[in-house]
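Everything on this sheet refers to the single structure shown next.
The values are calculated or read from the model by the stated rules, or taken from the named source; none is laboratory data. If you're wondering where the values come from, they're calculated on a predicted model, not measured in any experiment. Neighbour counts are summed over all protein chains in view; Cβ atoms, including those assigned to glycine, are modelled from backbone coordinates with ideal geometry. Quick note on the areas: whole protein, heavy atoms, side chains included, nothing else; ligands and nucleic acids left out. Shrake-Rupley method; radii C 1.70, N 1.55, O 1.52, S 1.80 Å.
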Amino acid sequence: MQQSASHDRPDIRSVSRVVRGMPATDGAGVELTRVIGQPAMPMLDPFLLLDAFRSDRPDDYIAGFPPHPHRGFETVTYLLAGRMQHKDNAGHEGVIEPGGIQWMTAGRGIVHSEMPQQQAGLLEGFQLWVNLPAKHKMDAPAYQEHAVGAIPVETRDSGIRVKVIAGVTQNGTRGPVVQPLTEPLYLDVELPPGQVFTERLPVGHNAFCYAIDGQVLADDADGNAVTLQRDDLAVLSHGTLVTLRSGGLGARCLLIAGRPLNEPVARGGPFVMNTKAEVRQAYDDYAAGLF
Ligand code: CO
C-alpha cells in the first residue's frame, strides 16, 4: 500500500485551519487586530486571546489601556517597536522596551495600566492571553520580564533566526520564560527569502503560526501549500514536526504552542475562570477593592 500525503504521517503538523485577524478596538480606544478571541476563533486552549497592534499614528494607540483588572490567566506582551509603560496596584512598574517581553501571571487578581510611553512613532507588538488551570487561578500575581538582550536568538543555516522567548527549541536553545503549567513555546522566527524552517514541537500541545511580515507557506493535510500573510493565523494539527517556508520576500512569524488545559472556560471581560459563579465573584471582589 502506497502512502504519500502528509495525512498519512501523524507526526507531521499540517495546517488544519486558517483564521484572519479582525479589526478591534480595546482599552481607551486602541486600534488593533484581534486574532484569537474573536468569533472565528474564540480560543485555542490554553490561548484565550491574541491581539496584534502596529501603527505609527498616535491616534491609534496613545489612549492606551488605563487601569483595568485581570484574574485567572496570564497576559503576555511582546513589543517589536515602541515603548509601553506598565504599572500595577501592588507597586510594580516598568517599561517594556522594543524586543522585550512581559509575561504577567495575573493569578487571583491585579489592576494594571498599559500605556504607550511615546508621543509619536511606530508602536508594534502583540498581547497573548494564556489560561491558568483551576488549581492555579488564584495564585499570587507574578512577573517574568526580560529585555531584548536577555532573550536568546538561535541562528540556523541559511540565515534563519529564531528568537526564543519561552520553551526550548529542538537544538536546545532555551527561552527565559518558564511556565510549567502550560509549558509554552513562544518563538519569533525570521526567514530570509525562499528558506525552510523545521521545528519539533511538544506532541500534545496546541500550536499555531501567526504571520507578522512577508509570506509564510505551510502545507495542509493534503499536501497543498497554504500561504499566510500579515494577520493570518494557521492552526497546526497535532503531531511533532512543523515545516514553514518563506516566500520571495522572506517571512517573519510567531510560532506558539502550549499544553491544553481541557477545563471549562467561563469568560467575563478581563476575568477568565472555570464557572460563571467564579466570574461573578471576580466582579464582586474587584468592586469591593479586594484586588
Ligand atoms: Co491588561
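Residues that are over 18 Å from the mean Cα position of the chain (by Cα), farther than 24 Å from V35 by Cβ and not in a strand (DSSP E or B) are absent from region 121-132 altogether.
Residue count for region 156-173 satisfying the condition of being free of Cβ contacts under 8 Å to residues at least 60 places away in the same chain, part of a loop (DSSP other than H, G, I, E, B) and open to solvent by less than 60 Å² (accessible area, probe 1.4 Å): 5. When the residues of region 85-104 are filtered to those that are buried (at least 17 other Cβ atoms within 10 Å of the Cβ) and within 14 Å of the ligand (Cβ to nearest atom), which remaining residue is nearest to P69 (Cα to Cα)? My answer is D88. Contact annotation: residue pairs with Cβ atoms under 8 Å, 6 or more positions apart or on different chains, pairing a residue in region 85-114 that is touching a residue at least 40 places away in the same chain (Cβ under 8 Å) with a partner that is within 11 Å of the ligand (Cβ to nearest atom) and outside any strand (DSSP E or B), are S113/G64; E114/G27; E114/G64. Of the residues making up region 64-81, those that are more than 13 Å from the ligand (Cβ to nearest atom) and open to solvent by less than 10 Å² (accessible area, probe 1.4 Å) are Y78, L79. So is L261 open to solvent by less than 60 Å² (accessible area, probe 1.4 Å) and without any contact (Cβ under 8 Å) to a residue 40 or more places away in the chain or not? So L261 fails the test. Note down all Cβ pairs under 9 Å where the first residue falls in region 68-82 and is more than 19 Å from E190 (Cβ to Cβ), the second is among the β-branched types (V, I, T) and within 11 Å of the ligand (Cβ to nearest atom), and they're at least six residues apart or on different chains. Short answer, once both residue conditions are applied: H68/V111; P69/I110; P69/V111; H70/I110; H70/V111; R71/I110.
Would you please name the residue that is least open to solvent (accessible area, probe 1.4 Å), looking only at residues in region 105-127 that are more than 16 Å from the ligand (Cβ to nearest atom) and small (G, A, S)? Out of the qualifying residues, it is G121.
For G250, the conditions (1) within 19 Å of L48 (Cα to Cα); (2) open to solvent by less than 10 Å² (accessible area, probe 1.4 Å) all hold with the exception of (1).
Residues in region 54-63 that are within 16 Å of the ligand (Cβ to nearest atom) and not in a loop (DSSP other than H, G, I, E, B): Y61 alone. Only residues that are outside any strand (DSSP E or B), in contact with an Asp or Glu (Cβ under 7 Å, 6 or more places away or on another chain) and in contact (Cβ under 8 Å) with a residue 40 or more places away in the chain: list them for region 214-254, please. Scanning region 214-254 gives G239, T240. The residues on offer are V148, V153, V178, and the sole one that is within 16 Å of the chain's Cα centre (by Cα) and exposed (fewer than 15 other Cβ atoms within 10 Å of the Cβ) is V178.
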